[in-house]
Amino acid sequence: MERNVTIIGSGPAGLTAAIYAARANLKPTVIEGMAPGGQLMITTDVENYPGFPNGIMGPEVMDLFRKQAERFGTEFIWGDVTNVDFTKSPFKLFTEDQVIVTKTVIVATGATAKWMGIKSELPWPEGLGGRGVSACATCDGFFFKNMDVMVVGGGDTAMEEANYLTRICKSVTVVHRREQFRASKIMLDRARQNEKIKFILNAAVDEILGMEEGKVRGVRLKSTKDGHMWEAETQAVFVAIGHKPNSDLFKGILDMDERGYLLVKPGTTYTNVEGVFAAGDIADATYRQAVTAAGLGCMAALEAERWLEAQGSH
């Protein structure tokens, strides 16, 4: 069976694309991946998604997205795409147990926040994820109004998050494992000139403290120079050591930047392969919000529909 639209990924971008494609009677298929729902599945409270004045839990909002896509007739396939053949249309997508033949593809595989690799970062109750440990200041900063928080990292993301948090929090301490920063001069200067930002250099977070209380109360730091340890108080830890786009599958097939974000024609979701579109965090290194991902998913579905019409196959 040849499908009209197959969407790889089931976060806000993928599911919004499914809603639009299904309402256009394209009978889309969503390959959900092994972790359906994307990054919002590990986000406890979502307070910045329009339409939910009292906030909503991340998994709950993704469940609503999915139900809406299902209601209009989206087919869901659980599992990961292991290989793709984009050499000619119709395209082929390989999962562990089947081959999907499709006229168009929307890639919405997202990006994954990089973590430090310590147990206390894991989602609650294994760790303190969602209880003061976060990888998104714009998502979770508001919960720490007038509190002392930490940002871990030394690149532009860390400086940006630190500056952003000073608008909400009492103080921000940036912890960085070296003395040199990867951040651009302008971002670093801005952070250094901000009187609410302090720096702890040549230190790494060894552990985040507060498991007994069920919320972050501090960190244990380890010197990267001589290995000595000490504790510092904080009420939240924002990990800002970058994101990794989930694009390994498309290396050598779809154009991407040096970090692995898929490149699209400006103002569109068109990739370098005709009939293959990219939406959401996989093609967005700048905003990485659920609402912008959803907007890109909408664009991809509309562009896929128009592309099919132009081919005379819809």
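Quick look at the numbers
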| read-out | value |
| --- | --- |
| Cysteines without a disulfide-compatible neighbour (Cβ-Cβ under 4.7 Å), the chain | 169, 298 |
| Distribution of pairwise C-alpha distances over the range 75-115, 5 Å bins, in % | 6, 18, 29, 23, 13, 7, 4, 1 |
| Backbone HN-Hα couplings from phi across the range 281-290 [Karplus 6.51/-1.76/1.60, Hz, Gly and Pro as x] | 4, 5, 10, 9, 8, 9, 9, 6, 10, 4 |
| Distance cut-off 19 Å, percentage of C-alpha pairs in the range 144-213 lying past it | 31 percent |
| Under Karplus coefficients 6.51, -1.76 and 1.60, residue-wise ³J(HN,Hα) of the range 118-125 in Hz, glycine/proline x | 10, 4, 5, 7, 4, x, 4, x |
| For the chain, share of DSSP beta bridges that run antiparallel, in % to the nearest 5 | 45 percent |
| Given 119/145; 185/215; 185/225, the pairs whose alpha carbons are separated by over 30 Å | 185/215 |
| Helix 58-71 vs. the chain, principal-axis angle (Cα, 0 to 90°, nearest 10) | 10 degrees |
| Model label zone, residue 313; criterion: amide N under 15 Å from point 7 Å along Cα-to-beta-carbon; scope the range 29-44 | 29 |
| Nonlocal amide H pairs with residue 37, under 5 Å, H built at 1.01 Å | 10, 11 |
| Distant-in-sequence amide H partners of residue 76 (H built 1.01 Å from N, under 5 Å) | 30 |
| For the range 165-180, Karplus couplings with θ = phi - 60° (6.51, -1.76, 1.60), whole Hz, Gly/Pro x | 5, 5, 6, 10, 8, 5, 8, 10, 10, 8, 9, 9, 6, 10, 8, 7 |
| Three-way shape label, the range 149-278, alpha-carbon gyration tensor, a/c 1.5 | prolate |
| Helix 12-23 axis, angle to the chain major axis (alpha carbon atoms, nearest 10°) | 20 degrees |
| Percent of beta bridges antiparallel (DSSP, the range 115-239, rounded to nearest 5) | 40 percent |
| Reciprocal mean inverse distance between Cα atoms of the chain - Kirkwood radius, Å | 20.6 Å |
| Exposed GluC sites (Glu not before Pro) absent: longest stretch of the chain, with sites in DSSP loops and at most 15 other Cβ within 10 Å deemed exposed | 127-178 |
| Relative contact order of the range 115-239, pairs being alpha-carbon contacts under 8 Å that are 6 or more residues apart, as % | 29 percent |
| Over the chain, relative contact order from alpha-carbon pairs under 8 Å, at least 6 apart, % | 20 percent |
| Globularity index of the range 232-310, i.e. its alpha-carbon radius of gyration over 2.2 N^0.38 Å | 1.33 |
| For residue 256, distant residues with modelled amide H under 5 Å away | 263 |
| Semi-axis lengths, Å, the range 71-198, gyration tensor of Cα atoms, sqrt of 5 times eigenvalues | 40, 19, 15 |
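Throughout, read-outs are computed from the coordinates displayed, never taken from laboratory work. Keep in mind it's a predicted model, so treat the numbers as computed, not measured. Here the Cβ is made from the backbone with ideal geometry for all residues, glycine too, and neighbour counts use every protein chain on show.
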